Amino acid sequence: MAGRRKKRALGAERRGGFSYFVTNEQIREWSRMPIEHRLMWLEEANRFNEQVVRGRRRRIMEAFREGKI
């Protein structure tokens, strides 16, 4: 039906950003993963972010990390 909008996830009405859904099974799967693998995944994600995030977005992330915002 034209003109109708899909309902958005809680908080998704803000401009930008993203949202996603995680099933209970995905959470259980993650919790069964050894801590070492979870930490390796986190380190890889951080390295990726360091390579691709630039400029204003990078400054905002750093300010958030430092507790300034």
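The values are calculated or read from the model by the stated rules, or taken from the named source; none is laboratory data. If you're wondering where the values come from, they're calculated on a predicted model, not measured in any experiment. For neighbour counting, all protein chains shown are included, and Cβ atoms are generated from backbone atoms with ideal geometry for every residue, glycine included.
When you scan the range 29-38, how many residues do you find that are in a helix (DSSP H, G or I) and either loosely packed, with under 10 Cβ neighbours inside 10 Å or touching a residue at least 24 places away in the same chain (Cβ under 8 Å) (or both)? Result for the range 29-38: 4. Residues that are more than 15 Å from the chain's Cα centre (by Cα) and in a helix (DSSP H, G or I) within the range 39-59 comprise LEU39, MET40, GLN51, GLY55, ARG56, ARG59, listed in sequence order. Quick test for you: out of GLU44, GLU50, GLU13, pick the one residue that is among the charged types (D, E, K, R) and modelled with pLDDT of 95 or more. Answer to the check: GLU44.
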